[in-house]
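Visitor: Provided herewith is a single structure, encoded as structure tokens, for subsequent inquiry.
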Amino acid sequence: MNSNYYAVIMAGGIGSRFWPVSTAEYPKQFHDMLGSGSTLIQKTFNRLHKFIPKENILVLTNESYNDLVLEQLPMLTQEQVVLEPAMRNTAPCILYAALKIKKSNPNAVMIVAPSDHWIEDENAFENDVKQCFTKCENEDVLCTLGIKPTFPNTGFGYIEFDKNPAAEIKKVNQFREKPDYNTAKEFISQGNFLWNAGIFMWSVKTIVDAFKAFQPEQYQLFNSGIEAYNTPEEKKFIAKNYALAENISIDYAILEHSKSIYVLPATFDWNDLGTWGSLYDKLDKNESSNAVVGAQLLDRNASGNIVRTKNDKVVVLDSLDDFIVVDKDDVLLICPKEKEQDIKVILNEVKDKFGK
């Protein structure tokens, strides 16, 4: 394995659209959402560890998830779990991790990857990342992987790239916000738009220099602790200073400003597993097109449902189509798939009414 290869797994999200399985105390990346025998964060770690040394993989997460990370990834040391004492979006934690890595290895290239995505062809993923790593090692560029759109999805941001057919890794013209349906159709018809998967690659030098140029206050704040990083003094410095960082995403902080961003159209199938519906799309279905995790299902004139329980509970569905049925401890959710975007609202209503 290449000792200059590093990975940062982003594992701080709550995943509230997967309630009631995913909760603030135990979010979706720590669950076996696919019924595969591995949690999403375990699958992400194993995918990266195929070509990145395990000691070079960091997990960025909230302080409250520290024990969960070490329980599910026991091969990591405490020093590899980078804890955020406050929620400050993606830019501060990426800068913090990049400075830590740069102090250890100034020649490092790193990938920033979400902990909860589904990627089937892991060899293709490895090849795509290595191709971007090579470019990042040889040029001062920021790279990302874009997903070829299969339909006009309004739930993703898009990446518009230069149509120069000669280049495999395309120059990014601009990042586009989540569009409405007609705009998404227009994007796809133009042929040079990709879904933004939030997977980034760069050298530590290039990303730190980008922060120095475009986010000087953020850079000064975190760089002032450089002597403490990777020492026992680091925790004290972060506890005192992290909350002072601006709450801003890497997209707004860096990507919208840089003129040296490139995208490689991914050669692997991808799903962000952002909703129960997207999970349904990736699960195996029975002869009635029902997807089942952890349950024994009797379906009578019922199709298109996703059913999840624990302990092989017997579930009977009669004359029910296209529903989400999730049984977890003291909560039972039965919701039409077409209303899955309302689950965050439902969660808040349940909290208000029942205190759960």
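Visitor: Go through the stretch 126-158 and report how many residues are of a type outside the set (A, V, I, L, M) and either open to solvent by less than 10 Å² (accessible area, probe 1.4 Å) or on the phi > 0 side of the Ramachandran plot (or both).
Guide: At the first step, the residues of the stretch 126-158 found to be of a type outside the set (A, V, I, L, M) are 126-128, 130-140, 143-144, 146, 148-158.
Still in the list and also either open to solvent by less than 10 Å² (accessible area, probe 1.4 Å) or on the phi > 0 side of the Ramachandran plot (or both): 128, 132-133, 136, 143-144, 146, 158.
So the count comes out to 8.
Visitor: Also: Determine which member of the set ASP209, ASP180 is among the acidic types (Asp, Glu), at pLDDT below 95 and more than 23 Å from ALA266 (Cα to Cα). Show your work before the answer.
Guide: Details: ASP209 fails: at pLDDT below 95.
Checking each option against the conditions leaves just ASP180.
Visitor: Please enumerate the residues belonging to the stretch 296-329 that are within 18 Å of ILE346 (Cβ to Cβ) and in contact with a Ser or Thr (Cβ under 7 Å, 6 or more places away or on another chain).
Guide: ASP327
Visitor: Could you check how many residues of the stretch 275-285 are out of contact with any helix residue (DSSP H, G or I) (no Cβ under 6 Å at 6 or more places or on another chain), in a loop (DSSP other than H, G, I, E, B) and in contact (Cβ under 8 Å) with a residue 40 or more places away in the chain? So that I can check it myself, show each step before the final result.
Guide: If we filter the stretch 275-285 for residues that are out of contact with any helix residue (DSSP H, G or I) (no Cβ under 6 Å at 6 or more places or on another chain), which is where we start, we get 278-285.
Now restrict to residues that are in a loop (DSSP other than H, G, I, E, B): 283-284.
Checking the rest, the ones that are also in contact (Cβ under 8 Å) with a residue 40 or more places away in the chain come to 283.
Residues flagged as out of contact with any helix residue (DSSP H, G or I) (no Cβ under 6 Å at 6 or more places or on another chain), in a loop (DSSP other than H, G, I, E, B) and in contact (Cβ under 8 Å) with a residue 40 or more places away in the chain within the stretch 275-285 amount to 1.
Visitor: A further question on this structure: Looking only at the stretch 209-224, which residues are buried (at least 20 other Cβ atoms within 10 Å of the Cβ) and under 14 Å from LYS103 (Cβ atoms)? First the steps, then the outcome.
Guide: Narrowing the stretch 209-224 to residues buried (at least 20 other Cβ atoms within 10 Å of the Cβ): 210-211, 215, 218, 222.
Passing the criteria: only PHE222.
Visitor: May I pose another question? Evaluate the following for GLN190: is it polar (S, T, N, Q), modelled with pLDDT of 95 or more and open to solvent by 10 Å² or more (accessible area, probe 1.4 Å)?
Guide: Details: polar (S, T, N, Q): yes; modelled with pLDDT of 95 or more: no; open to solvent by 10 Å² or more (accessible area, probe 1.4 Å): yes.
No: the conditions fail for GLN190.
One line per residue, one yes/no per condition, for (1) part of a loop (DSSP other than H, G, I, E, B); (2) surrounded by fewer than 18 Cβ atoms within 10 Å (Cβ to Cβ):
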{"residue": "GLU246", "(1), (2)": "yes, yes"}
{"residue": "ASP251", "(1), (2)": "no, yes"}
{"residue": "GLU287", "(1), (2)": "yes, yes"}
{"residue": "VAL315", "(1), (2)": "no, no"}
{"residue": "VAL326", "(1), (2)": "no, no"}
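Visitor: While we're here: Check THR231 against each of (1) assigned to a loop (DSSP other than H, G, I, E, B); (2) crowded, with 18+ Cβ neighbours inside 10 Å; (3) among the hydroxyl-bearing types (Ser, Thr, Tyr) and name the one condition it does not meet.
Guide: Condition (2) is where THR231 drops out.
Visitor: Surrounded by fewer than 20 Cβ atoms within 10 Å (Cβ to Cβ), on the phi < 0 side of the Ramachandran plot, in contact (Cβ under 8 Å) with a residue 24 or more places away in the chain and basic (Lys, Arg), is that true of LYS100? It would help to see each step written out before you state the result.
Guide: Numbers: surrounded by fewer than 20 Cβ atoms within 10 Å (Cβ to Cβ): no; on the phi < 0 side of the Ramachandran plot: yes; in contact (Cβ under 8 Å) with a residue 24 or more places away in the chain: yes; basic (Lys, Arg): yes.
Against the criterion (surrounded by fewer than 20 Cβ atoms within 10 Å (Cβ to Cβ), on the phi < 0 side of the Ramachandran plot, in contact (Cβ under 8 Å) with a residue 24 or more places away in the chain and basic (Lys, Arg)), LYS100 does not qualify.
The values are calculated or read from the model by the stated rules, or taken from the named source; none is laboratory data. None of the values given here were measured: they were computed from a predicted structure. So basically every Cβ, Gly included, is an ideal-geometry build from the backbone, and we count neighbours across all protein chains shown. Accessible surface areas use protein heavy atoms only, side chains included; no ligands, DNA or RNA. Shrake-Rupley method; radii C 1.70, N 1.55, O 1.52, S 1.80 Å.
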